[in-house]
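Novice: Structure incoming, see below.
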Amino acid sequence: MTDFFVYFVSAVAAYLLGSINTGILVSKILYNDDIRKYGSHNAGATNMLRIYGKKAAFITVLGDALKGVAAVLFVKLLYALLPNGILLPSEEPVTYVAAFFAVLGHNFPVYFKFKGGKGVLTSVTVIIMLDPFIGLVTLFAAILIMAVTKYVSLGSIMGAVIALALAAFLRTDNIAFITLCLFLAILLIYRHKGNIYRLAHGTESKLGRRKK
């Protein structure tokens with residue numbers, strides 16, 4: 001029963017944190033608008049940059065990253081607050097569950113009719129929190145691909161694949177972490193299915209274009 005409680009509370013709290021969608025809030029508060037009406041109809045930093053500019057994109061990046069940090073720290077806080085002597089599940093897998101649900105909340109936010117972003121920043125943030133080396137290598141590789149190709153979507157997709165490959169090769173002793181990276185990669189690639197179609201047909205927008 002205690003195991004279920006810890007996993008349940010961590011998952012729900014992380015999902016609710018993830019559902020605080022920065023891009024939607026910024027567009028509504030600063031511009032009295034809804035970012036999901038424009039461009040790719042996505043509430044992520046790239047679409048915010050194209051539609052509203054650098055300031056809006058920066059706030060979105062910061063907010064989406066902090067959600068991943070908050071989800072991981074919530075689990076640590078929960079374990080610190082629970083009374084001593086209670087038999088608890090290992091903190092590590094609980095943290096992985098919270099990390100996944102934070103991304104799930106970002107993609108399908110309960111506060112915004114389950115229409116959110118694609119989970120790129122939140123995903124890379126939770127991976128950095130859980131394994132800084134894999135997370136930072138993934139981030140560097142994704143940014144490099146974006147810089148060379150000018151396709152944010154391609155860098156994001158390849159970043160998910162790279163993170164999974166690194167986890168599979170470097171964390172062979174931790175099936176739970178590999179599973180988390182697998183689920184995050186599947187979710188991210190699924191959310192980019194429209195981008196994959198446009199990339200294949202040469203119609204994907206490149207970084208730097210601003211339109212409304």
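Novice: Look at segment 56-108 and say how many of its residues are among the basic types (Lys, Arg) and either within 10 Å of the chain's Cα centre (by Cα) or closer than 12 Å to Val6 by Cβ (or both).
Specialist: First, the residues of segment 56-108 that are among the basic types (Lys, Arg): 67, 76.
So of that shortlist, the ones also either within 10 Å of the chain's Cα centre (by Cα) or closer than 12 Å to Val6 by Cβ (or both) come out as 67.
Residues in segment 56-108 being among the basic types (Lys, Arg) and either within 10 Å of the chain's Cα centre (by Cα) or closer than 12 Å to Val6 by Cβ (or both): 1 in total.
Novice: OK, next. Search segment 173-183 for residues being out of contact with any Leu (no Cβ under 8 Å at 6 or more places or on another chain), modelled with pLDDT of 95 or more and not aromatic (Phe, Trp, Tyr), and hand back the single one that is surrounded by the most Cβ atoms within 10 Å (Cβ to Cβ).
Specialist: Initial filter on segment 173-183 (out of contact with any Leu (no Cβ under 8 Å at 6 or more places or on another chain)): 173-176, 179, 183.
Those left that are additionally modelled with pLDDT of 95 or more: 174-176, 179, 183.
Subset that is not aromatic (Phe, Trp, Tyr): 174-176, 179.
On the way: Asn174: 16, Ile175: 12, Ala176: 14, Thr179: 14.
In this case the residue turns out to be Asn174.
Novice: Which helices (runs of 4 or more DSSP H) sit wholly inside segment 1-69 and have at least 2 residues that are open to solvent by 50 Å² or more (accessible area, probe 1.4 Å) and touching a helix residue (DSSP H, G or I) at 6+ places or on another chain (Cβ under 7 Å)? Write out each step before concluding.
Specialist: On the way: elements: 2-18, 22-31, 45-52.
Passing ranges, in order: 2-18, 22-31.
Novice: Still on this structure, please answer the following. Is there any pair linking a residue in segment 15-31 that is charged (D, E, K, R) to one that is assigned to a loop (DSSP other than H, G, I, E, B), with Cβ under 7 Å and at least six apart or on different chains, and which?
Specialist: Sorted first by the residue in segment 15-31, then by its partner, the pairs are Lys28/Asp34.
Novice: Testing Ala43 on (1) at pLDDT below 90; (2) out of contact with any Gly (no Cβ under 6 Å at 6 or more places or on another chain); (3) hydrophobic (A, V, I, L, M, F, W, C), one condition comes back false. Which one is that?
Specialist: (2)
Novice: To continue, here is another question. Give segment 83-101 a look and list any residue that's open to solvent by 20 Å² or more (accessible area, probe 1.4 Å) and either free of Cβ contacts under 8 Å to residues at least 24 places away in the same chain or not hydrophobic (A, V, I, L, M, F, W, C) (or both), or say none. Reasoning before the result, please.
Specialist: First, the residues of segment 83-101 that are open to solvent by 20 Å² or more (accessible area, probe 1.4 Å): 83-88, 90-93, 97, 100-101.
Result: Pro83, Asn84, Gly85, Ser90, Glu91, Glu92, Pro93.
Novice: Within segment 28-50, track down each residue that is within 18 Å of Met146 (Cβ to Cβ) and more than 18 Å from the chain's Cα centre (by Cα).
Specialist: Taking segment 28-50 and keeping what is within 18 Å of Met146 (Cβ to Cβ), we get 39-40, 42, 44-50.
Result: Gly39, Arg50.
Novice: For the condition under 25 Å from Gly105 (Cα atoms), of a type outside the set (Gly, Ala, Ser) and surrounded by fewer than 20 Cβ atoms within 10 Å (Cβ to Cβ), what is the one hit in Ile157, Ile145, Ile189? Step through it out loud before you land on a result.
Specialist: Details: Ile157 fails: surrounded by fewer than 20 Cβ atoms within 10 Å (Cβ to Cβ); Ile145 fails: under 25 Å from Gly105 (Cα atoms).
So the residue among Ile157, Ile145, Ile189 that is under 25 Å from Gly105 (Cα atoms), of a type outside the set (Gly, Ala, Ser) and surrounded by fewer than 20 Cβ atoms within 10 Å (Cβ to Cβ) is Ile189.
The values are calculated or read from the model by the stated rules, or taken from the named source; none is laboratory data. Quick caveat: nothing in here was measured; it's all calculated off a predicted structure. Please note: Cβ atoms are built from the backbone with ideal geometry, for glycine as well, and neighbour counts cover all protein chains shown. Side chains included, ligands, DNA and RNA excluded: accessible areas come from the protein's heavy atoms. Shrake-Rupley method; radii C 1.70, N 1.55, O 1.52, S 1.80 Å.
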